[in-house]
Structures are given as structure tokens and as C-alpha cells.
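Working notes, structure below.
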Amino acid sequence: MALGLMAVGVVLLVTLLWAVQRRLIYFPRPGELAPAATALPGAEEVTFQTEDGLRLGGWFSPAAGAESSATILVFNGNAGDRSFRGPLAADLSRAELSVLLFDYRGYGRNPGTPSEAGLLMDARAARAYLTRRRDVDPDRLVYFGESLGAAVAVALAAEQPPAVLILRSPFTSLAEMAHLHYPFLPVVGFLLRDRFASIEQIPRVRCPVLIIAGEQDQIVPPAYSRRLYEAAHDPKRLIDRVVRFTADALGRDRGEPTGGG
């Protein structure tokens, strides 16, 4: 009897985890999106369509100055919306870099529901939009991904290499993150619909790679970012102490302190 009840409990737990797992991965910010004029003054409101028919919103921030030295395509982490990256985009713009901030499906008032396959379709659409702009040089396109967004950037880079791939707090795979943060659920890795296995994808990336791993990061410990770095091809560079990410991190590290991940 006791074994039977235990078996029923395990089945119910597994069923619940399967049903709600994406709610434990993706955290869109509820409520209204801050306007571009507030979060990123001077940015252009843009939209583009994914291959499965969704229209996504974003902000294009032109470089301050007559000409952009490169264009940064930013891939957000799993929480919030593009307004959270406004200060980053403003810094990059002042450094004569153009920037596209966009939200995945289900984020930032965009339609749809996030998933691994869906986020990669969103990434393809964002890149395609940039390559159609007359003020963007496709050969000087840089991908910058944060945390979960780093996995999206790696997957896109394996398909369509950028000039440079920059990853901040990247992990090896979502399954390893699940084992790290939910050790009391040993089967959680087997239940994942979305795996984001960057450790399998990054050997296919053929472009310069910069990885930034915060030593105080409690979500993605730097050891995971270092493992991803080791799996990447040269040329590559690892910054594994806490730094303030600005345009300087594209080419040099000043070692400025920051508040963390």
C-alpha cells in the first residue's frame, strides 16, 4: 500500500513538472513595457516577423556619431524585457556601436509562448531584420547573449556566424543548471523539453568568442562558463573576474568592479 502511494506520488510529481516546467524557466515581466523614449532615448521602435508568423517588437539604437563601427544584437536572459538593457545599449551607442534590443515571443508585449525552438526562430528573425537595414553592415554584426540568451546566441552563431560572439554568464546546458539548482529532483534533466545545450553547439561556432564570467555569480557559477570556453575554438578570450560590461569589453578589459551578475 505504501509503495503504491509512493509510486502515485512520483507519477503526479513528474506530471506536474512536465506541465509547468516552462513557467520555471521563462519569466516575462508582467505589465506594460517602458517606452523607448524613457528607457533608451533616441531609439527607433521596430518590428519584424518570425518564420512562424509572429510579429516581434524591438528598439534599434543608432551609434552616436556619423558612422557605426559595428552593430550589436543583444539576446536577453530569461527574465524582464528589453527596457532592462537600456543602459547597456546607451553605453554601446556612445562608443559608436549600433544596437538592436528585442524581446522574445511572450516577452515585452510580444505574442506567443517562449520555448527553445521559438527563441531560436526569434533570433533568426532579429538577425534577418538587421541584415536588411541599409545602415547595418552584415559583416560587422556582433552577437551579445546574457545567461539564457547566451545559449540562444550560441545556437544562432552555429548556424549563422557573426563577426564576434560575446557571452556573459553562459552555461553549459539547461540540464546541468537544473541539476545544480534542483538537486532534490534527480530526474529533472530527463524531463526538460528545452535543453539549451550550448556545450554541444559551441564546437560548431567558427568566429572569435569572448566569454565574461562573473566570479560572484550565484545563478551561473563561473566554472560552467569556463567549461564552455574550453569547448570553444580559437580565437577566444575569457574574462573570469567581475567586470563592468561596457563597449571596452569588446576589445579590452579594464577590470572595473560591478555589482554582480
Report summary line: Scanning the range 48-68 for residues that are at pLDDT 85 or above and part of a loop (DSSP other than H, G, I, E, B), the one surrounded by the fewest Cβ atoms within 10 Å (Cβ to Cβ) turns out to be Gly53
**Report entry** Filter result for the condition that a residue is closer than 14 Å to Asp122 by Cβ and among the acidic types (Asp, Glu), over Glu51, Glu32
**Finding:** Glu51
Query raised in the report: Inside the range 191-213, can you point out the residues that are under 16 Å from the mean Cα position of the chain (by Cα), of a type in the set (A, V, I, L, M) and farther than 16 Å from Val142 by Cβ?
Result: Ala197, Ile199, Ile202, Ala213
Query - Identity of the residue in the range 164-191, modelled with pLDDT of 75 or more and in contact with a Pro (Cβ under 8 Å, 6 or more places away or on another chain), that ends up surrounded by the fewest Cβ atoms within 10 Å (Cβ to Cβ) - result: His179
Query raised in the report: Has the range 38-47 got any residue that is open to solvent by less than 80 Å² (accessible area, probe 1.4 Å), farther than 24 Å from Val164 by Cα, assigned to a helix (DSSP H, G or I) and not polar (S, T, N, Q)?
Result: yes
Query raised in the report: In the range 193-202, is there at least one residue being in a helix (DSSP H, G or I), at pLDDT 95 or above and open to solvent by less than 30 Å² (accessible area, probe 1.4 Å)?
Result: yes
Query raised in the report: On the given criteria, is Glu96 surrounded by fewer than 24 Cβ atoms within 10 Å (Cβ to Cβ), within 13 Å of the chain's Cα centre (by Cα) and of a type outside the set (S, T, N, Q)?
Result: no
Query raised in the report: Which one of these is open to solvent by less than 20 Å² (accessible area, probe 1.4 Å) and part of a loop (DSSP other than H, G, I, E, B): Gly77, Gly106?
Result: Gly77
Report task. Looking only at the range 32-41, decide whether some residue is closer than 22 Å to Ala128 by Cα and at pLDDT 95 or above. Result -> no
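The values are calculated or read from the model by the stated rules, or taken from the named source; none is laboratory data. Everything numeric here is computed off the predicted structure, so don't read it as measured data. Cβ sites come from the backbone with ideal geometry, for glycine too, and all protein chains shown count toward neighbours. Please note that ligands, DNA and RNA were not included when accessible areas were found on the heavy atoms of the full protein model with its side chains. Shrake-Rupley method; radii C 1.70, N 1.55, O 1.52, S 1.80 Å.
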